[in-house]
Amino acid sequence: EAQVTQNPRYLITVTGKKLTVTCSQNMNHEYMSWYRQDPGLGLRQIYYSMNVEVTDKGDVPEGYKVSRKEKRNFPLILESPSPNQTSLYFCASRPGRGYNEQFFGPGTRLTVL
Amino acid sequence: AQKITQTQPGMFVQEKEAVTLDCTYDTSDQSYGLFWYKQPSSGEMIFLIYQGSYDEQNATEGRYSLNFQKARKSANLVISASQLGDSAMYFCAMRVGHLTSYDKVIFGPGTSLSVIP
C-alpha cells in the first residue's frame, strides 16, 4: 500500500532530551516536507526537501533539524526540545515538480514537559 | 508577505445544502498553486482540490469546486449537497515556487464546518 508512515505516533518527553521523529514513504517521491499543526494557526511548514541531500527551511525551522540521506526517509530531529514544540507534526510527500497533491502521514502528537 | 486568510472560524450548513468556505491569499509570485484539504476529527489530512495560478477554468472534483478569482486573490471552496460526513476542519493552502528551486507551502488557520441533519 502506497503510504507515508511516521513513528512514533505519540510521544511524551521532557525538556532537553533529544528526539527523532521518523518519516518514510514508499512511493519514490522526490519532495518531502515537515509541518507542525497548532490550534488557530493551521499547519506551518518546518523544513522541506526537494531531493536527496537537498533541504531548505520553511516558515518555522528554529529548534529543528532534518536530513535526507535516502529518498524514502526524512527524519525530523529535535536536539533540545522545549515546551513550545508541543504540537501535532505531519510529514508529507509528493512525486516532484509539476505534481500537485501532497500525501500526508498520520501525524505524530508530541508533548514536551 | 505570503499569507492565507480564512475569515470563518466556524460554519454551519444544513444537510443537502451548498456551502462556500472563504479563502484569500497574498503572494507576489506569479506562479503558485492553491489547495484545499479536509481534516476530519480522526486527524488525517485529505486532499480535495487544486487550482494553478495560470488555470483559466475553475477546478472541480465531484461535489467540490474552487471558485478562483485571481484579481481578488480569492480561492473559495464550494461544497454542493452537503453530507454529514463533510463535517470537518477545512484548510486552504498555497504553494509558491513549485516550478522553481523552492517549494514553500502556506496554510490558512482553517474553517470548522458542521453539517446539521
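The values are calculated or read from the model by the stated rules, or taken from the named source; none is laboratory data. Because the structure is predicted, anything quoted here is derived from the model rather than measured. Note: ideal-geometry Cβ built from the backbone for every residue, glycine included; neighbour counts use all protein chains shown. Side chains are part of the model used for accessible areas, which takes the heavy atoms of the whole protein and leaves out ligands, DNA and RNA. Shrake-Rupley method; radii C 1.70, N 1.55, O 1.52, S 1.80 Å.
Worth a mention:
- Accessible surface for A:ARG44 stands near 70 Å², nearest 10, in the context of the full protein assembly shown (1.4 Å probe).
- Size of electric dipole in the stretch A:1-54: Cβ of Lys, Arg +1 and of Asp, Glu -1, about Cα centre, debye, nearest 20: 340
- Inter-chain Cβ neighbour count for B:71-78, averaged per residue, equals 0 (cutoff 10 Å, partner chain atoms only).
- Label-point separation in nm, A:LYS57 to B:LYS3, each point 7 Å along Cα→Cβ: 2.1
- Taken residue by residue and averaged, Cβ atoms of other chains lying within 10 Å of the Cβ of A:96-106 number 5.
- Of the solvent-accessible surface of the stretch B:35-102, computed with a 1.4 Å probe over protein heavy atoms with every protein chain present, carbon and sulfur atoms account for 50 percent.
- Å² per residue, accessible surface of chain A at 1.4 Å: 48
- Loop-resident chymotrypsin sites (Phe, Trp or Tyr not before Pro) (DSSP state other than H, G, I, E or B) in the stretch A:71-113 with no more than 14 further Cβ atoms inside 10 Å of their Cβ: A:TYR99.
- For the stretch B:1-75 versus the stretch A:10-24, the spacing of their alpha-carbon centroids is 33 Å.
- Considering only B:LEU48, B:TRP36, A:SER80, and ranking their Cα positions along the charge dipole of the protein assembly as shown that arises from unit charges at the beta-carbon of Lys, Arg, Asp and Glu, the one farthest toward the positive end is A:SER80.
- Over the stretch A:1-85, the alpha carbon radius of gyration divided by the compact-protein estimate 2.2 N^0.38 Å works out to 1.09.
- For B:THR24, the solvent-accessible surface computed with a 1.4 Å probe is close to 60 Å², ligands and nucleic acids excluded.
- Highest-MSF residue in chain A out of A:ASN73, A:ASN51, A:ASN28 [GNM, Cα springs under 10 Å]: A:ASN28
- Chymotrypsin sites (Phe, Trp or Tyr not before Pro) lying in DSSP loop within the stretch B:1-55, provided at most 15 other Cβ fall within 10 Å: B:TYR54
- Pairs of Cα atoms farther than 22 Å apart, the stretch B:1-79, %: 24
- Compactness of the stretch A:3-45 was expressed as the Cα radius of gyration divided by 2.2 N^0.38 Å, which yields 1.41.
- Å² of accessible area per residue within chain B, as computed with a 1.4 Å probe and no ligands counted: 47
- With the simple model of a label 7 Å out from the Cα in the direction of the Cβ, A:ASN28 to B:SER31 spans 2.4 nm.
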